[in-house]
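I have placed the structure first, in the form of structure tokens, so that the comments after it can refer back to it.
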Amino acid sequence: MTSRTRQIAIRGAGIVGLWQALTLARRGHQVSLCERSPVPFAHGCSLYAGAMLAPNCEKESADIVVRELGLRGLALWRETYPGAVANGTLVVAFHRDRAELDRFGRMTEGHQRLSPAELAAREPALADRFAGALYYPEEGHLSPEPALHFLLEQAQAAGARLRLGDGEFPVDADLVIDCRGLAAKDQLPTLRGVRGERIVVKSREVSLSRPVRLLHPRFPLYVVPWGKGVYLIGATVIESEETGPITLRSALDLLSAAYALDPAFAEAEIVLQGAGARPAFPDNRPRIMVGQRYIYVNGLYRHGFLLAPVMAELLANFIETGATDPEVFVADSAER
Ligand SMILES: Cc1cc2nc3c(=O)[nH]c(=O)nc-3n(C[C@H](O)[C@H](O)[C@H](O)COP(=O)(O)OP(=O)(O)OC[C@H]3O[C@@H](n4cnc5c(N)ncnc54)[C@H](O)[C@@H]3O)c2cc1C
């Protein structure tokens, strides 16, 4: 595809569709953002996210492409969104799980090893209970709801038109970009949902200032400070597409691990609980699937916030110059 202004319809206003809309509208394209829900962000996965921007930590379990693209995703968030917090990530383990901390360190990069005293200096609430920590200073996080609203407002300010409530899209658009998340399963049979349960609490006593991951042999968890005393405790990873309320077992696991991380959670109020289904392909790698006039951006799995900006940048470059990145671009027919 060559450089000229195009009429582009984007289906789905989750984190992926919003970044596509913002990026393409800012580049001068005529963008219609079409969301099936009458209320933005009421459905879909994005509101359930942490939303950690953690390309280095995720290397422990994710394909290398997540780190490579994620570093750019992190940079794009920082350039674009003033609410992106750049406070790093801490990974901690109890003394008996020290070997797990060593293993995590070997599997990842971009970290410093902290002694218990250095950990206490960074997060006083975690003093005296852990075998030390890994600190990833480059990483960031944000609170998803205000970030989603910001992206929508900025996309509209750049000229994108929002169409809510019917799932239709302008069929005469030059190009349609499908960002429907798991709903695109009707066309992409290999797409699946991976259930992620999380609990949101509010506390005056907890005072963590950056995401903390606890390496626990049975209940690994993370806590993300969203500001104003609100913390996300997450998340399960279950091969199921069920959303809705979380199970008692998952609640017990998440809450007891949070309490083990910091006993100050004991007095926290539970303000939200629920599960989202992360859209994922069988290899858990993100894809841009290019057809003649119809392109899918999907499968961002555990990394939708981290990767959405860079997927948008790659696709905008493709639309304007034809450039493709073999790590994420595939021909649409390859998936069917
Ligand atoms: C518990 C949990 C924690 C997570 N934590 C993190 C994290 O810390 N960091 C991170 O980077 N990622 C995280 N994720 C992953 C991230 O949330 C997902 O990768 C991301 O939300 C997927 O976004 P999406 O836009 O593809 O899909 P969705 O958010 O599901 O958006 C799809 C949109 O399409 C709309 N739609 C559906 N059908 C139609 C139609 N016919 N027409 C128009 N619109 C339609 C839906 O209503 C929805 O708004 C987490 C996920 C979960 C569940």
When segment 75-124 is checked residue by residue, the ones that are farther than 23 Å from TYR259 by Cα and touching a Gly at 6+ places or on another chain (Cβ under 6 Å) are ALA84, VAL85, ALA86
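Can you tell me which residue among ARG204, ARG198, ARG213 is surrounded by 19 or more Cβ atoms within 10 Å (Cβ to Cβ), more than 21 Å from PHE104 (Cα to Cα) and charged (D, E, K, R)?
Numbers: ARG204 fails: surrounded by 19 or more Cβ atoms within 10 Å (Cβ to Cβ); ARG213 fails: more than 21 Å from PHE104 (Cα to Cα).
That would be ARG198, the only listed residue that is surrounded by 19 or more Cβ atoms within 10 Å (Cβ to Cβ), more than 21 Å from PHE104 (Cα to Cα) and charged (D, E, K, R).
Filter segment 11-31 down to the residues that are of a type in the set (Gly, Ala, Ser) and out of contact with any strand residue (DSSP E or B) (no Cβ under 7 Å at 6 or more places or on another chain), then identify the one that is nearest to the ligand (Cβ to nearest atom).
The initial filter retains those residues of segment 11-31 that are of a type in the set (Gly, Ala, Ser), namely 12-14, 17, 21, 25, 28.
Add one more test, that the residue is out of contact with any strand residue (DSSP E or B) (no Cβ under 7 Å at 6 or more places or on another chain), and what stays is 14, 28.
Details: GLY14: 2, GLY28: 23 Å.
So, considering only residues that are of a type in the set (Gly, Ala, Ser) and out of contact with any strand residue (DSSP E or B) (no Cβ under 7 Å at 6 or more places or on another chain), the one nearest to the ligand (Cβ to nearest atom) is GLY14.
Is there a residue in segment 298-312 that is in contact (Cβ under 8 Å) with a residue 60 or more places away in the chain and more than 16 Å from the ligand (Cβ to nearest atom)?
Our first condition is that a residue be in contact (Cβ under 8 Å) with a residue 60 or more places away in the chain; within segment 298-312, this holds for 298-312.
Now narrow it down to the ones that are more than 16 Å from the ligand (Cβ to nearest atom): none.
Scanning segment 298-312, I find no residue that is in contact (Cβ under 8 Å) with a residue 60 or more places away in the chain and more than 16 Å from the ligand (Cβ to nearest atom), so the answer is no.
Select from segment 1-12 the residues that are touching a Ser or Thr at 6+ places or on another chain (Cβ under 8 Å) and closer than 22 Å to TRP77 by Cβ and list them in ascending order. Please lay out each step first, then the result.
Kept after step one, since they are touching a Ser or Thr at 6+ places or on another chain (Cβ under 8 Å), are these residues of segment 1-12: 1-3, 7-10.
Passing the criteria: only ILE10.
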ALA125 vs. criteria of a type in the set (A, V, I, L, M, F, W, C), surrounded by 16 or more Cβ atoms within 10 Å (Cβ to Cβ), more than 17 Å from PRO55 (Cβ to Cβ) and at pLDDT below 95
no
For segment 255-277, does any single residue satisfy the condition of being under 22 Å from LEU18 (Cα atoms), open to solvent by 30 Å² or more (accessible area, probe 1.4 Å) and under 21 Å from the mean Cα position of the chain (by Cα)?
no
Please identify the pairs in which a residue from segment 41-52 that is over 12 Å from LEU182 (Cβ atoms) and within 6 Å of the ligand (Cβ to nearest atom) has its Cβ atom under 9 Å from the Cβ atom of a residue that is among the polar types (S, T, N, Q) and not in a loop (DSSP other than H, G, I, E, B), counting only partners at least 6 apart or on another chain.
MET52/THR89
Boolean, ALA75 is of a type in the set (A, V, I, L, M) and within 14 Å of the ligand (Cβ to nearest atom):
no
Within segment 290-312, the residues that are over 12 Å from ILE177 (Cα atoms) and in contact with a Lys or Arg (Cβ under 7 Å, 6 or more places away or on another chain) are GLY299, TYR301, ARG302, VAL310
Given the conditions (1) in contact with a Lys or Arg (Cβ under 6 Å, 6 or more places away or on another chain); (2) away from the ligand (no atom under 15 Å from the Cβ), and given that GLY167 satisfies all but one, which numbered condition is not satisfied?
(2)
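Taking the conditions exactly as written (closer than 27 Å to LEU272 by Cβ and either touching a residue at least 40 places away in the same chain (Cβ under 8 Å) or more than 11 Å from the ligand (Cβ to nearest atom) (or both)), does LEU69 satisfy them or not? Show your work before the answer.
Numbers: closer than 27 Å to LEU272 by Cβ: no; either touching a residue at least 40 places away in the same chain (Cβ under 8 Å) or more than 11 Å from the ligand (Cβ to nearest atom) (or both): yes.
So LEU69 fails the test.
For segment 131-158, enumerate the residues that are outside any helix (DSSP H, G or I) and either modelled with pLDDT under 95 or under 18 Å from GLY227 (Cβ atoms) (or both).
Just the residues of segment 131-158 that are outside any helix (DSSP H, G or I), to begin with: 131-143, 158.
Scanning segment 131-158 gives ALA131, GLY132, GLU139, GLY140, HIS141, LEU142, SER143.
The values are calculated or read from the model by the stated rules, or taken from the named source; none is laboratory data. Predicted, not measured: the structure shown is a model, and the values here were computed from it. Neighbour counts are summed over all protein chains in view; Cβ atoms, including those assigned to glycine, are modelled from backbone coordinates with ideal geometry. Areas reflect the complete protein model, heavy atoms only, side chains present, ligands, DNA and RNA absent. Shrake-Rupley method; radii C 1.70, N 1.55, O 1.52, S 1.80 Å.
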